[in-house]
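The values are calculated or read from the model by the stated rules, or taken from the named source; none is laboratory data. Predicted model, so just to flag it, every value in this text is computed and none were measured. All Cβ positions, even for glycine, are placed from backbone atoms using ideal geometry, and neighbour counts span all protein chains on display. Just the protein is used for accessible areas: all its heavy atoms, side chains included, with ligands, DNA and RNA removed. Shrake-Rupley method; radii C 1.70, N 1.55, O 1.52, S 1.80 Å.
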Amino acid sequence: MKPIIAKTWHLSLIIGLRFLGLFVVMSVLSAYAKDLPGATATLVGLAVGGYALTQAAFQVPFGVLSDKIGRKKAILIGLLIFAGGSIMAGMASDIYTLLIGRFLQGAGAIGAVIIAMISDHVREEERAHAMAVMGMVIALAFTAAMIIGPILGGMPDGVPFLFYLTAGMAILSIVLLFTVVPEPPKITHSFAEEEAKVRHVFKDKDLVRMYVTFLFHSSTMAIAFFLIPLVLKSKFALPLGEFWKVYLPAVFFGIIAMGPAAVFGEKYNKGKEVFLISIAFIAVAFLLMGFAPSLWLFGTGVVFFFIGFNMFEPLLQSFVSKFAKAHQKGAALGVANTFAYVGMGVGATLAGWIFSHWSVKGVAITVLVVSLFWALWIWGMRNPGLRGTLYLDTKHFDRNKLNELKKDPGINDVYVNETEGIMVIKYDKELLDEDEIRGRMLKR
């Protein structure tokens, strides 16, 4: 069996390039956009999070499309749209053209499709590792963006160049997609046509809790990226080219925090506890950023935010892919990312409106209130470790018994990996025992 990195490096690289393109602009965008003709605080917030609104509108369609026409074709369409939007944003000479470019960028909503494709290539017990590899690639892209963005953005016409650079990375991703990414394994599902409809991904309470968590998580990120560049430039008079001095230590500690979060969340089944600690870091971060009298304290708040935000990263996508049924994976990840992008779009725009009325302190207090509701929501979450996954080869076990087995209330999902000749059974450990399932599936 190939190691995880060998199976997923190409897809992780594609999604890493895409996030690099997004983050390299986000690190300076609000400070740049506020000086464009027609700009207001609310429109600047919309420029920061606007792409996320069209991402939200197209996540589920792209996820469902990828389940029907194939992952690669859906990714190609999304990357071409994303590249076109990046070029338009780079050519913008006023806030309204920038907004159109950002909306078009977001219409290439392929994040969930790539994640679903990664899940297609690995087994259930390997998924956490695969998601961690992907998360690390995104984290490295994030780190590079926090340095490259301010340095290049601080040059004459630097921010438009960042958008053109983003378009170039989208084209490079297309080349990688059709030269090094293998086709996913052929999967045979055992489900009724009715079960395949998108509304069924809302029947699982654990999945719904994850959707709302995506919403809150992404909204705080968008608010932070609206707030940080504006405060650094306006309150502390820090030039764009020196923003990296604040971002670099924050990203460094954020990456370090991902390791323990992944271990405790996956290995020790403490995902809920990790999430609650993360929320506490985010709440304290905005308290510091909103009321800090000095650049040093503000920078400490930025560090706290990146720690809290990054602790979620290795777990969010992994938990959704574990809770979702195989034939709903693309749709479930699409829904989750839709919630995430709604959070980003609404969060940044709302932050702009609040900022225009009650300044930085009003934004900080709003996030504190959101964090309280978020923590209460997480409190009732079940950890995915309560769900087990069993692999049975089709030579010794009877695949004809799958339809009967799936009627058991303790069975969450069943499907057959035709490429490897393996039946995959996901079950509730509180209701069923592995040996019992093996006995029921043996060939007689």
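Going down the table (Lys406/Lys429; Lys401/Lys426; Lys325/Lys401; Lys72/Lys395; Lys72/Lys406; Lys235/Lys361), which pairs top 21 Å between alpha carbons? The answer is Lys72/Lys395; Lys72/Lys406.
Once all protein chains are placed together, Ile118 keeps about 0 Å² accessible to a 1.4 angstrom probe.
Exposed loop sites were defined as chymotrypsin sites (Phe, Trp or Tyr not before Pro) in DSSP loop states (anything but H, G, I, E or B) carrying at most 15 other C-beta atoms within 10 Å; in the chain the longest segment without such a site runs 1-235. Computed extension gain for Phe236 through Arg440, at 0.36 nm per residue and net of the alpha carbon distance, reaches 66.7 nm.
Over the residues of the chain, the helix contribution to mean residue ellipticity at 222 nm works out to -24500 deg cm²/dmol, using -39500 (n - 2.57) for each DSSP H run of at least 4. Give me the percent relative contact order of region 381-442, please, defined on Cα pairs under 8 angstrom at least 6 residues apart. Relative contact order comes out at 42 percent. Helices assigned as whole DSSP H runs in the chain whose Cα atoms extend at least 20 Å along their own long axis and whose mean Kyte-Doolittle hydropathy is 1.0 or higher are found at 4-26, 41-69, 71-91, 127-153, 158-179, 205-234, 244-262, 271-291, 295-323, 329-379.
In the set (i) 28.8, 87; (ii) 22.0, 77; (iii) 35.6, 110, the label that goes with Rg and Dmax of the Cα atoms in Å computed for this structure is (ii). Solvent exposure of the chain amounts to 39 Å² per residue of accessible area, where only protein heavy atoms count and the probe is 1.4 Å.
Heavy-atom surface analysis with a 1.4 Å probe gives the chain a carbon and sulfur content of 68 percent of its accessible area.
Among the GluC sites (Glu not before Pro) in region 384-444, those placed in a DSSP loop whose Cβ has at most 10 other Cβ atoms within 10 Å are Glu430.
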